[in-house]
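The values are calculated or read from the model by the stated rules, or taken from the named source; none is laboratory data. Only a predicted model underlies this, so the values are computations on that prediction, with no experimental measurement involved. A quick note on method: Cβ atoms are made from the backbone with ideal geometry, for glycine too, and the neighbour counts reach across all protein chains shown.
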Amino acid sequence: MILRRDSFSDLFRHMNRLQDELGRYFGQAGFSQSGMPAVNIWEDEHSVFVTADLPGVDSSKLDISIVEGNQLTISGERPITEMANAVWLRQERGAGSFARAITLPTLVDANRVEAAYETGVLRITLPKAKAAKPRKITVKSV
């Protein structure tokens, strides 16, 4: 059986699409019932990009790490809002600690990862490792 290089990327996209559809079906928005932040992931030939919706999260409470070259972990805490004498009519925004582990479709260079947090959106740029980038092979005539 021969697998195309894109087979794993296609599988990754299908798994993410399934996760998104299940999230929509079960009413997850922003933070899910399990406390996971909503993320978007895409790639170009040089990097993988991740955005995560984290409104109300203090950036000093965020922890981002790369394990085994392709496992991104985002963890942090959104403060729990205490309302004295309040009767909740609806409570959809998640609160408390969260941790999200994401398997990336390729190896990344952990030493060059950059993260920025602005207006409640975390943006992570994960440059692909040289070993993961396509390499052109020159064919020699003999």
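Please enumerate the residues belonging to the stretch 75-95 that are basic (K, R) and surrounded by 10 or more Cβ atoms within 10 Å (Cβ to Cβ). Within the stretch 75-95, R78, R93 meet the criteria.
Each residue in the stretch 96-131 was checked for being without any contact (Cβ under 8 Å) to a residue 40 or more places away in the chain, among the basic types (K, R) and surrounded by 11 or more Cβ atoms within 10 Å (Cβ to Cβ), and 1 of them qualify. Residue count for the stretch 38-63 satisfying the condition of being touching a residue at least 24 places away in the same chain (Cβ under 8 Å) and either more than 16 Å from A101 (Cβ to Cβ) or in a loop (DSSP other than H, G, I, E, B) (or both): 13. With respect to (1) more than 30 Å from D44 (Cα to Cα); (2) at pLDDT 90 or above, the lone exception for T125 is condition (1).
A count restricted to the stretch 64-74 and to residues that are part of a strand (DSSP E or B) and either surrounded by 15 or more Cβ atoms within 10 Å (Cβ to Cβ) or of a type in the set (D, E, K, R) (or both) stands at 4. Of the residues in the stretch 95-102, at least one is part of a loop (DSSP other than H, G, I, E, B) and either modelled with pLDDT under 85 or out of contact with any Pro (no Cβ under 7 Å at 6 or more places or on another chain) (or both).
Tell me, yes or no, whether the stretch 46-61 has at least one residue that is of a type in the set (F, W, Y) and loosely packed, with under 15 Cβ neighbours inside 10 Å. Please lay out each step first, then the result.
Step one: list which residues in the stretch 46-61 are of a type in the set (F, W, Y), which gives 49.
So of that shortlist, the ones also loosely packed, with under 15 Cβ neighbours inside 10 Å come out as 49.
Among the residues of the stretch 46-61, at least one is of a type in the set (F, W, Y) and loosely packed, with under 15 Cβ neighbours inside 10 Å, which makes the answer yes.
Quick check, is M36 within 24 Å of K128 (Cα to Cα), surrounded by 11 or more Cβ atoms within 10 Å (Cβ to Cβ), modelled with pLDDT under 80 and not basic (K, R)? I'd like the intermediate steps shown before the answer.
On the way: within 24 Å of K128 (Cα to Cα): no; surrounded by 11 or more Cβ atoms within 10 Å (Cβ to Cβ): yes; modelled with pLDDT under 80: yes; not basic (K, R): yes.
So M36 fails the test.
Here Q71 passes the criteria (1) within 17 Å of A38 (Cβ to Cβ); (2) touching a residue at least 12 places away in the same chain (Cβ under 8 Å) except the one numbered (1).
Every condition in (1) at pLDDT 90 or above; (2) touching a Leu at 6+ places or on another chain (Cβ under 8 Å) is met by G69 except one, and the failing one is (1).
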